[in-house]
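Some notes on the structure that comes next.
The values are calculated or read from the model by the stated rules, or taken from the named source; none is laboratory data. Note that this is a predicted model, so its numbers are computed, not measured. Backbone-built Cβ (ideal geometry, glycine too); neighbour counts: all protein chains shown. Protein only, heavy atoms only, side chains kept; ligands, DNA and RNA dropped before computing areas. Shrake-Rupley method; radii C 1.70, N 1.55, O 1.52, S 1.80 Å.
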Amino acid sequence: MQFWKAEGLGNNFILMFKKELPTNVTPTDLAKKLCKVKLSIGADGLVVLDNLSNPCHVTFYNQDGSKAEQCGNALRVVTLLLDQLHTQKQVSYELTTANGSFNAQIVKRSPYAATVKVAMGKPSITHLNHGIQLHNKQYFITEVSMGNPHIILECHTPQEVPVNQLGPQLEHHPLFPNKTNVHFVNFENKKQAIMRTWERGVGETSACGSGACAVLVAGVLLKKLNPQAQISLPGGNLDITWSQTAKQVFMTGPASLIFKGKYYI
């Protein structure tokens, strides 16, 4: 099978086309196999592209084999791959997922890398500063959907939070029957927030694009952020804008192709 390895702020993916999938292995089992660090290619997730067309349909699989409804960093790296493989470069690409259609624009090109701006759609807010119980302690969360579920917990020092302990406990909290992504956030000022992420079905990751969008939305609603701000993640920064005119969130950030190769299944 031919594949590409790509990353967006350290959130790394295996990309391949549907025609490469073996007939005797399900995509779920393949994702589990390919994403194993040291025993295989290793990645946070597997992304399957239907074809090289524009629009292009994309399916996301987490490291544990579960399907993800949305993945902002993956949308950027898929856009980069399409741009690299198309003989005629285009300014924008349409990507379709289980959650609808997303427009992605190439802002800046460089060899095997690009800055990509993605229209991430309209956010949905379920809970705002809502108290939940976990082991006799109360946590206040804001729940935002960007097509996939996110909860945001405000804390002054995300670097000191025991993410590997609290992350899975909150991911599997009874309030979230389909599990959730968990973000620990410090709103530094109106123009910047710092976050760490526990991703559903993956664990702690260096970046989460849809999560950064959810953090921006939560920050605006909590009056902690401007509608346009920089979200700082362990892997780097994303520029996020919640446009009331367009009624959706825009994410701008880097994407890089690392290598391509063949995997013998």
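Evaluating His135 against the criteria (1) in contact with a strand residue (DSSP E or B) (Cβ under 9 Å, 6 or more places away or on another chain); (2) over 16 Å from Gly211 (Cα atoms) leaves one unmet condition, (1).
Given the residues Ser256, Ser232, which is the only one that is within 19 Å of Lys190 (Cβ to Cβ), in a strand (DSSP E or B) and either open to solvent by 30 Å² or more (accessible area, probe 1.4 Å) or not β-branched (Val, Ile, Thr) (or both)? Answer to the check: Ser232. May I ask you to list the residues in the range 64-78 that are surrounded by fewer than 22 Cβ atoms within 10 Å (Cβ to Cβ) and of a type in the set (S, T, N, Q)? Across the range 64-78, the qualifying residue is only Ser66.
If you check Val217, Val249 for being within 16 Å of the chain's Cα centre (by Cα), farther than 19 Å from Gln159 by Cβ and either of a type in the set (Lys, Arg) or not in a strand (DSSP E or B) (or both), only one passes: Val217.
For residues that are open to solvent by less than 10 Å² (accessible area, probe 1.4 Å) and out of contact with any Ser or Thr (no Cβ under 6 Å at 6 or more places or on another chain), scanning just the range 38-59, find the one that is farthest from Ala104 (Cα to Cα). The qualifying residue farthest from Ala104 (Cα to Cα) is Gly42. Between Asn189, Asn178, Asn237, the distinction of being open to solvent by 10 Å² or more (accessible area, probe 1.4 Å) and in contact with a Pro (Cβ under 7 Å, 6 or more places away or on another chain) belongs to Asn178 only.
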